[in-house]
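S.K.: One structure, as structure tokens, below. Some questions next.
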Amino acid sequence: MTNFSTRIRLIYIPYLLVSLGFILIYTLLNWFFVIHLEMPLDEELVHLWLPCGLVWIPVLIWLRPRIKLLVLKDKKGNLPFLYPVIAGAAIIVPTIIAQSYLTTATGKLTILRNISEISHRPLTKYYELKHHDVDKRHVAVYRRSETSGRNNEYLDLDIDVACPILVDTLKPDSSLHLKTVNGKNPLIVIDGVLAKANFLLAEIKPVDIKNISVLKGPSAVAIYGTRAADGVIIITTKAGIGGIKEYLPTHIPNAWLCLEFRKGISNHLSQERKEEEFREFDTVSDNQFKEKNLNDFVYLDRIGISKKRNGYVNAIKSRISTINKPIILEAVNEPFEARNGDKLGWIFMSFGIGAAIWLLMIVIPKFDSSALEKLSDSDLKSSWNVILNALKSFKGKGNFQITIIIIGLNSLVFLIMVFAGLGVISFDARDLLAWGADYRPATVNGQWWRLLTSIFLHGGLMHLLLNMYGLFFVAIFLEPQLGKIRYASAYLICGIVASLASIWWHPATISIGASGAIFGLYGVFVALLTTNKANVSNKKGLLLFSLFFIIINLAMGLAGGIDNAAHIGGLLCGILLGYIFYFFTDLPDAKEAGDKIQKTN
């Protein structure tokens, strides 16, 4: 059993130290920068995606060299890859739960007499309102749909609803004595606007009133009709509400109570069927909203930067376009003390389960005593050197510099959108349009730059990864074959032509993604493979693979949710460019590049 103690010392204890260190350090950084300093970062990014990405740094640097001490062999050779993956997952799970616990546990509860006080207090995570009135009559609504799934096979329907939270409204028999002794109820007119809603009167402060006059009898009826039989109270304010819409309050509400309705459908349905599903979903959601008592809650949860918040803000701006940084709240109908749930226990439980699984994983395989001699005190340094050398080697591949730049630009735009709080898995169509998506009504009306910017935008993480994978595969052959200038020109020209094809075919569809440009590169590839310029072995196999890639992706586009017009436009442009390159340029020998692509296959 001497090997057992060696495994514990060299593999298991380092795992425990890496796990605890990562969880504690990441949680501390989250508390200091996001919670204490209130750095504006997307909650989904901080709670989920950063832990999932950053964990591989310590795993690959400190744990992976020690895993080599185990004899890991199976028929497919997956175990050496599987061990670091399981170690990373065992660290990620408790880290994610810890961030959720940190948010709820450190969130402060502020008690307010009414919602108007929220503007005069430091913002906190939670609020308790003693007096409030959630106005369901002046609701703001934003409808959106997003694709999801590996091949955009699902369509998620969302309806974001925002209602202004008002000061507890004054009733007709309140201190203003609007109802007369005889039970009469006069009309209230504020700066020329009929105050049908109580909040129009309740929110006016006495110091803001310039003049109050009363109109009675035939004069009132002559001006306002029979509804003014009990008289009219005319109020003029100093600022003047003048021209305010009936559906808006007299001022921008201090905060909004928000809720969302969601439904998922297949993205392969016809456009008519999708519209029918959305109408049905709209009707069901409207009935649920009408039946819901929005004033029935224990406390309110303030929503931070997130995709959910963006939907609510878009709903509010559909009613009040000038609003800036509204306070978004969601109702919670459970005791405040229960906000943490079982998160703390699950942190320790998930960590313990991961530690137990890792212990079994290092005990079962045989121990490679010969590999022990290679593991020295400088192992950490050598691990860093391996990573740095790999990066330097990748950077030095002059034949792929344009591909690296293209992948970098696409990834950079995606990361900027993520850090802007627009989402990770998918982005809202309105946000994509604002960031430069291709859209015929906007493009043909002078915004032609969208033809170019749209090819560097992606609808979400999977969309980006799949496109960059397809790009990298064809680039292994094509960039060395064409050279930097011709390769970059082919990418940009095919991308722009794909964007033109999209707006030509779709009258009002938002189009984004590099797939049209990538299809163009495959078109160039196919064209050259049919000539003697492609000096590679197994040319037929590469041609068949490229055609298979093209046909499969076009077939998936027929099911819906994919812009086949852009794909076909880019492909045809690429084929044409490929033959132009053949006739008018002297292309270099591509045998070495062809051998590389076969090795990766």
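A short reminder: the numbers here are calculations on the coordinates, not readings from a lab. Please read these numbers as outputs of a predicted model, since none were measured by experiment. With ideal geometry, Cβ positions are generated from the backbone for all residues, glycine too; neighbour counts draw on all protein chains shown.
S.K.: For THR453 paired with LEU123, estimate the spin-label separation in nm (one decimal), with each label point 7 Å from Cα along the Cα-to-Cβ line.
M.R.: Going by the 7 Å Cα→Cβ label model, 2.6 nm.
S.K.: Starting from 0.36 nm per residue, how many nanometres of slack lie between LEU554 and GLU337 once their C-alpha separation is accounted for?
M.R.: 72.7 nm is the gain from fully extending LEU554 to GLU337.
S.K.: A further question follows. Run the simple label-point estimate for ILE323 and HIS36 please: 7 Å along Cα→C-beta, distance reported in nm.
M.R.: Here the modelled spin labels are 3.4 nm apart.
S.K.: Continuing with this model, one more query. Using a Förster distance of 51 angstrom, determine the FRET efficiency expected from the C-beta separation of ARG137 and LEU360, and round it to 0.05.
M.R.: In this case the efficiency is close to 0.25.
S.K.: Under the classification rounded if a/c is under 1.5, otherwise prolate if a/b is larger than b/c and oblate if not, where does segment 272-327 fall, given a ≥ b ≥ c as square roots of the Cα gyration tensor eigenvalues?
M.R.: oblate
S.K.: Out of the trypsin sites (Lys or Arg not before Pro) in segment 87-157, which ones are loop residues according to DSSP with at most 11 other C-beta atoms within 10 Å?
M.R.: When the trypsin sites (Lys or Arg not before Pro) of segment 87-157 are filtered for loop state and at most 11 Cβ neighbours within 10 Å, LYS108, LYS130, ARG137, ARG150 remain.
S.K.: Can you give me the C-alpha center-to-center distance between segment 414-488 and segment 516-533, rounded to a whole angstrom?
M.R.: That distance is 20 Å.
S.K.: Please give me, ordered by residue number, the trypsin sites (Lys or Arg not before Pro) of segment 1-83 that lie in loop per DSSP and have at most 16 other Cβ atoms within 10 Å.
M.R.: When the trypsin sites (Lys or Arg not before Pro) of segment 1-83 are filtered for loop state and at most 16 Cβ neighbours within 10 Å, LYS68, LYS73, LYS75, LYS76 remain.
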